[in-house]
1. Is it the case, given these coordinates, that Gly352 is at pLDDT 95 or above, within 30 Å of Gly724 (Cα to Cα), of a type outside the set (A, V, I, L, M, F, W, C) and part of a loop (DSSP other than H, G, I, E, B)?
2. Going residue by residue through region 507-517, is there one that turns out to be open to solvent by 10 Å² or more (accessible area, probe 1.4 Å), over 28 Å from Asn628 (Cβ atoms) and free of Cβ contacts under 8 Å to residues at least 12 places away in the same chain?
3. Going residue by residue through region 609-623, is there one that turns out to be part of a loop (DSSP other than H, G, I, E, B) and either farther than 27 Å from Gly216 by Cβ or away from the ligand (no atom under 16 Å from the Cβ) (or both)?
4. Check Thr545 against each of (1) buried (at least 22 other Cβ atoms within 10 Å of the Cβ); (2) over 27 Å from Asp98 (Cβ atoms); (3) not aromatic (Phe, Trp, Tyr) and name the one condition it does not meet.
5. Restricted to region 273-310, and to residues that are hydroxyl-bearing (Ser, Thr, Tyr) and over 25 Å from Glu570 (Cβ atoms), which residue is most open to solvent (accessible area, probe 1.4 Å)?
6. Sort through Tyr584, Tyr591 and tell me the only one that's open to solvent by 60 Å² or more (accessible area, probe 1.4 Å) and touching a residue at least 40 places away in the same chain (Cβ under 8 Å).
7. Test Gly154 against the stated conditions and say whether it is farther than 30 Å from Met521 by Cβ and either in contact (Cβ under 8 Å) with a residue 12 or more places away in the chain or within 16 Å of the ligand (Cβ to nearest atom) (or both).
8. For the condition under 23 Å from Lys313 (Cβ atoms) and modelled with pLDDT under 95, what is the one hit in Gly216, Gly212, Gly260?
Amino acid sequence: MKRDFTRREFIKISGIGLGGLAASGSLLRFASDVLGYGNAYPHKVLRTPTYCEMCTFKCAGWAYRLDGKPWKIIGNENDQHCYGRLCTKGSAGFGAYDDPDRLKTPLIRMQERGKQVFKEVSWDEAFNYIASKLKRIAKEYGPECVALFTHGTGGSFFKTFLQGYGSDNIAAPSYANCRGPREEAYLLTFGDAISTPERTDMSNSKCIVLIGSHIGENTHSSQVYEFGQAIHRGATIITVDPRFSVAASKSKYWLPIKPGTDMALLLAWINVVIEEELYDKEYVKKYTIGFDELRKSVKDDTPEWAYPITTIKPEIIRETAREMARYLPATLIHPGRHVVWYGDDTQRVRAGAILNALLGSWGRRGGFFMPVEPDVPEYPHPQFPKPKRSWRDAFPGKFELANLALSSGICEATIPSARSDCNFKGWIVYGTNLLHALPDRKKTIEAIHNLDLLVVVDILPSEISGWADVVLPECTYLERYDDLRTEWGRESQIALRMPAFQPKYNTKPAWWMAKQLADKMGLGQYFSWKNIEEYLDYRLKKAGTSLREMQEIGVKVLKRETPLYFAKGEEVKFATPSGKIELYSKTLKDYGFDPVPRYVHHEEPPKGYYRLLYGRSPSHSFGRTTNNPLLTQMDPENEIWINTDVSKEWGLKDGQYLRLENQDQVVSNRVKVKVTERIRADCIYMVHGFGHDQKRLKRSYMKGASDTGLITRTKIDPIMGGVGMRANFVTFNV
Ligand code: SF4
């Protein structure tokens, strides 16, 4: 079964995927055409529907086997997450399947935590161990003292398990440590979230403003495709970034802003749009409240005021504001994705949301469309027990506007303290390497030392698995059925993931683990289906299709019943307390926060230090991809971007290795220097996900530096508990 890919072969396959070859007609003819064999192609080609798990965007595709061996993965042409084109990572899914470093069998810890001395056990032994610990925790402390950290599709089965057990402490690092402030800011303003895939109508935008968003380096397929379409149509792109990113290189305006001052620019733009009466008057009058309060609040936030703060010249601020207004409502201030920067993130994203409201882009072509999602009923199960406590009780009176559990908050509440009577005793960690996903590694390890049980479910031996009591090896997404993909979008779509291969080694899918564990715990009533096929078929039939049909088509497109945009003059009731778009938020005021965003000055780097910025590369999502045998051939380590003048000052050469040291004397792995004009002199930049110190990850061990390792200081968003991570400064340890 094993087949090693060469880099050359992989690039060829990626190219086919990117070209979006149509897989219509007979599969045999398709293969014959591609390979030039005519009708005499002697090999057996099979394709299986899947959706990708190389990042969280879940693009639907086809996994092809050639004579039973992995051949290629391409996008599903009907899928709105990818429009038939997968990114580099998605095309490299077989690398995850073929990674020899994979976890291979269940493990139980034999020595103290972190020593990584495990014994191999059977699945039954592993489940018995976990069940007895969970029963004891429930008896001694209550089931609410167990939390689930989850990132990835299979986590939904562990959610059901935990809720059946009696806890709703279910946290995704993607909320408080990534896009949570964005969702809350749009909920506060428009009464609705942005979610994934983003409801941005970039393919019809005439002007797109990116603030710290590097679409193109972050390769979420439909976002990149639509952004490319906008560029192709000649849309004005305005990119605000201290770094000359790929997106900046496609822009009419690049605004190399001083890091930490984006709020001042946004307020100055709002000032210009209001004072020059450039806003969409009819829209603002009909749909919004709080315009007068907003106008009053930003009266002094002129471009001249913003200039010394942001270093962006007043005439450029005015010119770009006018450019945005020229194309309204087809102007999109992109809401971003990873928005946890300085602790005022909900307010900063809200300033962008307010600007969108003034330009009338919500519910309008070229702005934000109104998404729909399929109605796919759940498999019936008894009601979950009502937990006596929730994660909110761990921080009374704080973060009351958070709508989801906070990962860093749960981590902190696991460490006993005088002000907390709710300490977590058990963690189930599904698909997220918490030691790289959460900042302040020391604190995470301290929390782990206070646990009675740490279960890690993963594909690879990530750093967090080295601290586990029990490690449960999951098979890759190419070896399993999973829950259905039912995310919203322009269209109502359902996507199926089914196994292209039998699981390698002694690995299992998450649905099987959660069901087995539930049986051991006497919670089988929450998993009353016989097998996953029955579970999926039940849900699919209720939604008007079937497992059989989905196995053929992969993506089901359901009829959209409602319009994509508001009709002209339509009465719209927004899901905010006032029923209007809230430029002024009484909710925020009632909770003691600024009802209209205001500028807050953020600490600047001391002399000789530089602000640490981080982001994505096109070939990696996070730690899981940095060990992928295909992707590491293309992009084996990260580099630090250092401005040319800074390199001269320090005598640094392009390509040399050095270590970074942060303000708390934490020193990184050695990392390669990239000297460039493409970044300001007050910051450095690196790609996230590298710098592993887990020896079992043989390809990524000690390759590059970890940004998370250097993030020892955070700024917590008081509105919803988001963890701002751009508060760290580094210097060079040469
Ligand atoms: S964006 Fe790329 S990695 Fe992410 S789901 Fe789509 S194909 Fe996979």
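1. No.
2. No - not one qualifying residue is present in region 507-517.
3. Yes, region 609-623 has at least one match.
4. With respect to (1) buried (at least 22 other Cβ atoms within 10 Å of the Cβ); (2) over 27 Å from Asp98 (Cβ atoms); (3) not aromatic (Phe, Trp, Tyr), Thr545 is out only on (1).
5. Initial filter on region 273-310 (hydroxyl-bearing (Ser, Thr, Tyr)): 279, 283, 287-288, 297, 302, 307, 310.
Checking the rest, the ones that are also over 25 Å from Glu570 (Cβ atoms) come to 297, 302, 307, 310.
Values: Ser297: 37, Thr302: 41, Tyr307: 96, Thr310: 0 Å².
Here the residue is Tyr307.
6. Answer to the selection: Tyr591.
7. Answer is no for this residue.
8. Working: Gly216 fails: under 23 Å from Lys313 (Cβ atoms); Gly260 fails: modelled with pLDDT under 95.
Being under 23 Å from Lys313 (Cβ atoms) and modelled with pLDDT under 95 holds for just one of Gly216, Gly212, Gly260, which is Gly212.
The values are calculated or read from the model by the stated rules, or taken from the named source; none is laboratory data. Note that this is a predicted model, so its numbers are computed, not measured. Cβ sites come from the backbone with ideal geometry, for glycine too, and all protein chains shown count toward neighbours. When the accessible area is computed, the model is the full protein with side chains, heavy atoms only, and any ligands, DNA or RNA have been set aside. Shrake-Rupley method; radii C 1.70, N 1.55, O 1.52, S 1.80 Å.
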